[in-house]
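Colleague: Quick one: the structure is below, questions incoming.
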Amino acid sequence: MTLKATQIPALQPSDRPFRKFDGRGLYIEVRPSGSKLWYFKYRFLGSEKRLALGAFPDVRLADAREKCEEARRQIRAGEDPSHMRKMEKIKARLSADNSFQSVAEDFIDVRFVASGKAEATIEKARWFLSHLTNAIGPRPIDAIEPAELLAVLKKIERAGKRETAIRTRAFASRVFRHGVAMALCKNDPAALLGGALATPQVKHHAAILEPRKLGEVLGTIDDYSGGVIVKIAMQLLPHVFLRPGELRLGKWPEVDFDEAIWRIPGERTKLRRPHSVPLSQQSLSLLRQLRENSGWMEFMFPGERSHRKPMCENAMNLAYRRMGLGKDVVTAHGFRATASTLLNESGKWHPDAIERALAHGHSNAVRGAYARGQHWDERVVMAQWWSDYLDQLRTGAEVLPFRRLPSN
């Protein structure tokens, strides 16, 4: 027989726990302490289980029956109520702070900081997050709809930053997938937006490929009247073939003045392997000037606001603009293309030596390993030749043209 609501308060404890059944697996257990607990007994995949439904009088008979019926619906749907309860508890525990911002910061900590990614890579991830913070940062990650994320991305796109919009969407997608793994959301709304953004026009970094124009730009850099740290960075960059991020994040222990080598650690290079740069006399001279200004600091190129941080990512490009050099004329990254083009056109150097100087990878792993070991001496000579060549261009001295290789 089923229980009646009036029977339950009258149930008195005994020396041992006992049960009173309501039917269809629902019962109340009375314990010696006097507590009365509701349970639902059921079978799932051949195993007998029970699900706690709460304590009387907080949970009345009608409430217990309703909870029991909900558990039966889950069983009919092929779900184990006990397992679902555990998942809800895990989700509740993890959802204590489930905003998109907090999940994104955890994602960066786990996948970038703890994984030892380069500082430039970590900064780039935080930069992508900054585009999303105001609009969806405080929102619960499981409540964000594709349309509201698309509105943020379209705003970036309308500002003419198509590539940034696409890469920000990709970053958001990785955050949502991290949230799914943490049981904080069930899907990735960013994945649905891949075709909703305009394809960016491919633009290469502006690079100077005419020697005369290169000499003019180098002279303009020498006349820069801004901060000395940024000026030396701009003067040094064309000599060393480094990516701007590899240069600006440099630290003094990496430079060996006696051996004339700058050793870039693997965590700061694009290919995640150490890269050594032979230093010409001109490069050493610029580094000695730099040491007079920042030799006591951790970073070779400290920021203007705090010497505890490196100069900002766009410091050199902003300086070029102040000098009247448009982004269609010169960019910090473009000096690598300048060096690659002019060194190859000179016909004086082995292509593998040039590729190694630029810290490029190699499609053939065996040949790439061989090239790294065989071209150091050639790179040392090439570095000095290149610096001398830049000096000739900068001072306006007569430069004998080298034979240009025919284009394919």
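The values are calculated or read from the model by the stated rules, or taken from the named source; none is laboratory data. Quick caveat, the model's predicted, so the values are computed rather than measured. Note that each Cβ is placed from the backbone with ideal geometry, even for glycine, and that neighbours are counted across all protein chains shown. Just so you know, the surface numbers come from the protein's heavy atoms only, side chains and all, with ligands and any DNA or RNA stripped out. Shrake-Rupley method; radii C 1.70, N 1.55, O 1.52, S 1.80 Å.
Colleague: Report the Cα centroid-to-centroid distance between the stretch 120-163 and the stretch 27-70 in angstrom, as an integer.
Modeller: Spelled out, the Cα-based centre of one part sits 46 Å from the other.
Colleague: For the stretch 1-75, run through the trypsin sites (Lys or Arg not before Pro) and keep only the ones in DSSP coil with at most 15 other Cβ atoms within 10 Å of their Cβ. Write out the running numbers ahead of the final one.
Modeller: Values: sites: Lys4, Arg19, Lys20, Arg24, Lys36, Lys41, Arg43, Lys49, Arg50, Arg60, Arg65, Lys67, Arg72, Arg73; in loops: Lys4, Arg24, Arg60.
Sites meeting the loop and neighbour criteria: Lys4, Arg24, Arg60.
Colleague: Mind giving me the FRET efficiency for Trp127 and Glu345? R0 is 35 Å, r the Cβ-Cβ distance, nearest 0.05 is fine. Could the numbers behind the result be given before it?
Modeller: On the way: r = 36 Å, r/R0 = 1.02.
So, using R0 = 35 Å, E works out to roughly 0.45.
Colleague: What is the set of long-range amide H partners of Lys251 at a cut-off below 5 Å, with H atoms built 1.01 Å from backbone N?
Modeller: Correct list: Met300.
Colleague: For the ranges 8-15, 222-229, 351-358, what's the packing order if you count other beta-carbon atoms within 10 Å of each residue, average per peptide, and put the highest first? Before the final figure, lay out each step's value.
Modeller: Values: 8-15: 11.0, 222-229: 13.6, 351-358: 19.8.
The peptides rank, most packed first, as 351-358, 222-229, 8-15.
Colleague: Per residue, what volume in Å³ does the convex hull of the Cα atoms of the stretch 96-233 enclose? Walk me through the numbers before you get to the answer.
Modeller: Details: hull volume 22.0 nm³, N = 138.
Dividing the Cα hull volume of the stretch 96-233 by its residue count gives 159 Å³.
Colleague: In addition: Loop-only check: which chymotrypsin sites (Phe, Trp or Tyr not before Pro) in the stretch 243-325 are DSSP coil with at most 15 other Cβ within 10 angstrom?
Modeller: Numbers: sites: Phe257, Trp262, Trp296, Phe299, Tyr320; in loops: Phe257, Trp296.
Counting only loop positions with at most 15 other Cβ atoms within 10 Å, the chymotrypsin sites (Phe, Trp or Tyr not before Pro) in the stretch 243-325 are Phe257, Trp296.
Colleague: Still on this model: For Arg321 and Lys154 in one chain, what is 0.36 nm times their gap in residues minus the Cα-Cα distance, to one decimal in nm? Provide the component values of the computation, followed by the final result.
Modeller: Working: separation 167, 0.36 × 167 = 60.12 nm, distance 2.74 nm.
My answer for the length gained is 57.4 nm.
Colleague: Probe of 1.4 angstrom, ligands and nucleic acids ignored: what's the accessible area per residue over the chain, in square angstrom? Let's see the in-between values first.
Modeller: Numbers: 22630 Å² over 408 residues.
For the chain, the per-residue accessible area is 55 Å².
Colleague: Then there's this: Quick test of the membrane-span-like rule: which DSSP H helices of the chain reach at least 15 Å along their long axis (C-alpha atoms) with mean Kyte hydropathy at least 0.5?
Modeller: Values: long enough: 61-76 (22 Å, -1.45); 81-94 (20 Å, -1.14); 119-136 (26 Å, -0.02); 146-158 (18 Å, 0.22); 162-181 (29 Å, -0.30); 211-222 (17 Å, -0.18); 228-240 (18 Å, 1.59); 281-294 (19 Å, -0.98); 334-346 (18 Å, -0.07); 376-395 (29 Å, -0.79).
Going by DSSP H runs, the hits are 228-240.
Colleague: Taking loop as defined by DSSP and a crowding limit of 16 other beta carbons within 10 Å, which trypsin sites (Lys or Arg not before Pro) in the stretch 251-306 fit?
Modeller: Working: sites: Lys251, Arg263, Arg268, Lys270, Arg272, Arg288, Arg291, Arg305; in loops: Lys270, Arg272, Arg305.
Listed in order of number, the matching sites are Lys270, Arg272, Arg305.
Colleague: So how strong a dipole does the chain carry about its Cα centre when Lys and Arg Cβ are +1 and Asp and Glu Cβ are -1, to the nearest 20 debye? Intermediate values should be presented prior to the final figure.
Modeller: Details: 66 positive and 47 negative charges, 417 e Å.
For the chain, the charge dipole is close to 2000 debye.
Colleague: With a 1.4 Å probe and every protein chain kept in, tell me what percent of the accessible surface of the chain is carbon plus sulfur. If you can, show how the numbers build up before the last one.
Modeller: On the way: 11530 of 22630 Å².
With neighbouring chains kept in place, the figure for the chain is 51 percent.
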